[in-house]
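Structure, as C-alpha cells:
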Amino acid sequence: MEISGKIIQVLPLQTGVAKNSGNPWQVQAYVLETQEQFPKKVCFEVFGEQRIKDNMCQLDDIVTVSFDIESREFNGRWYTSVRAWRVQQGIVDPSAEGQAPQAAAAPQAQEAAPAQPAPQAAEAPQPFDPTTDENTTDLPF
C-alpha cells in the first residue's frame, strides 16, 4: 500500500535490545498528513538501523510511503502498526512505475477550459394532453 503527504512530526528514535537474540534494534516513527479535502494523519514507523538511514525524513517533507499494515493481539487487546518499507521524496504516481518521483510543488492554478459553444435551444415540450398521450392511466388523480 502507498500513501502520500507531508511529514508533520518526527517522533523520537526508539532503541532497545531483543530479549531472545540480544541484537540491538531501532524504530523511527513519523506522522504524515495527507493532502486531501479532509486530511488524515497517519503515524508510520521505519524499523531497523539501515532502513532508517535509507529512508530519512525531515519535518515538512512531502513523501510517498510504501508500507504494510499488521495487527497483533496481546492480553486480549489488538495493536496495529503501519510499518514502512520505502519512503520516497515527493509524490509518486503509481502508474509511472520506474520513473523518478515528481517534485513536490505548490498547487498551481489550472488553465481555464476552452469556451464551450452555447447549447442550442431545444424545442419546447408540448403541454400534456390526456386524450392524445399514449401513456395515460385511469388513475383518479
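Read the figures in this text as sums done on the coordinates, not as results from a lab. Keep in mind that this is a model prediction, so the values were computed, not measured. Note that each Cβ is placed from the backbone with ideal geometry, even for glycine, and that neighbours are counted across all protein chains shown.
Pick out, from the stretch 1-78, the strands (runs of 3 or more DSSP E) lying fully within it that include 2 or more residues that are in contact with a Ser or Thr (Cβ under 6 Å, 6 or more places away or on another chain).
2-10, 62-74
What number of residues within the stretch 79-92 satisfy the criterion of being aliphatic (A, V, I, L, M) and outside any strand (DSSP E or B)?
Number of matching residues: 1.
Can you say whether Tyr30 is surrounded by 11 or more Cβ atoms within 10 Å (Cβ to Cβ) and among the aromatic types (Phe, Trp, Tyr), as far as the supplied structure shows?
Against the criterion (surrounded by 11 or more Cβ atoms within 10 Å (Cβ to Cβ) and among the aromatic types (Phe, Trp, Tyr)), Tyr30 qualifies.
Of everything in the stretch 14-27, what is of a type in the set (A, V, I, L, M, F, W, C), farther than 16 Å from Val65 by Cα and surrounded by 12 or more Cβ atoms within 10 Å (Cβ to Cβ)? Give them in sequence order.
The one that is of a type in the set (A, V, I, L, M, F, W, C), farther than 16 Å from Val65 by Cα and surrounded by 12 or more Cβ atoms within 10 Å (Cβ to Cβ): Trp25.
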